[in-house]
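Here the structure is laid out as C-alpha cells; the discussion comes afterwards.
The values are calculated or read from the model by the stated rules, or taken from the named source; none is laboratory data. All values derive from a computational prediction rather than experimental measurement. Positions of Cβ are backbone-derived with ideal geometry, glycine not excepted, and every protein chain shown enters the neighbour counts. These accessible areas exclude ligands, DNA and RNA; they are computed on the full protein's heavy atoms, side chains included. Shrake-Rupley method; radii C 1.70, N 1.55, O 1.52, S 1.80 Å.
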Amino acid sequence: YRSHVIGFRVARSVIERSENQDNTHQEEERQRMEAALQANLARIEWIKIPAGEFLYGEQKEKRQIEQAYRISISPVTNAQYKRFIETNPQHPVPGYWDATKRTFAPGVGNYPVVNVSWEDAQAFCRWAGLLPPSPPRCLSG
C-alpha cells in the first residue's frame, strides 16, 4: 500500500548567527544549511517566516513561532520534481507521468506534483539538501 499526498511544500529552519558563538556545532549547521539553500538544486523560491507572535484562524488566536524558518513560496512543481527524477533514475515517477519517457504531460510543468508518496517527498527533500519533513499533517487557518 502506497499512501499518496496531494502536493507538498518544503521548509527549512533558519539558524540565526548568534552574538555568542561558543557553540561551534550550531555555527557549522547554520553554514551547511545556508550552503544548501545557495545550491538550490530544485530551484525553489523561499520566503522567510520570522519568529514571533501571529494571529491564527478565524478566531484570531494569538500564537507564537519559536524559531524563524523558510518555506517554499509554492508547492513543489512537476518541473522541480523532474530534476530529482533525472538525477535518480531508479526512483519511480508519479503515476500520471509517462513512465517510459519519465516525464509529465506538456503544459503542466508549473503545476504541483501530485500522486507521490510520503517516502517520495522525503527522498526529494534529502536530494535537495533539505531536512526530511516531519510526519504529514493537515494545515488550516
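If you go through segment 70-92, how many residues are open to solvent by 70 Å² or more (accessible area, probe 1.4 Å), farther than 12 Å from Ala128 by Cα and touching a residue at least 12 places away in the same chain (Cβ under 8 Å)?
Count: 3.
Quick one: how many residues across segment 76-103 are more than 20 Å from the chain's Cα centre (by Cα), within 20 Å of Leu41 (Cα to Cα) and not hydroxyl-bearing (Ser, Thr, Tyr)?
The initial filter retains those residues of segment 76-103 that are more than 20 Å from the chain's Cα centre (by Cα), namely 89-90, 95-103.
Still in the list and also within 20 Å of Leu41 (Cα to Cα): 89-90, 102-103.
Filter once more, so that each one left must be not hydroxyl-bearing (Ser, Thr, Tyr): 89-90, 102.
Of the residues in segment 76-103, 3 are more than 20 Å from the chain's Cα centre (by Cα), within 20 Å of Leu41 (Cα to Cα) and not hydroxyl-bearing (Ser, Thr, Tyr).
Going through Glu58, Glu34 one at a time, which residue ends up being at pLDDT 90 or above, open to solvent by 40 Å² or more (accessible area, probe 1.4 Å) and of a type in the set (Asp, Glu)?
So the residue among Glu58, Glu34 that is at pLDDT 90 or above, open to solvent by 40 Å² or more (accessible area, probe 1.4 Å) and of a type in the set (Asp, Glu) is Glu58.
Scan Glu45, Glu53 and give me the residue that is open to solvent by 80 Å² or more (accessible area, probe 1.4 Å), over 25 Å from Gln80 (Cα atoms) and modelled with pLDDT of 75 or more.
Of Glu45, Glu53, the one residue that is open to solvent by 80 Å² or more (accessible area, probe 1.4 Å), over 25 Å from Gln80 (Cα atoms) and modelled with pLDDT of 75 or more is Glu53.
Could you please find all residues in segment 93-122 being crowded, with 18+ Cβ neighbours inside 10 Å and part of a helix (DSSP H, G or I)?
Asp120, Ala121
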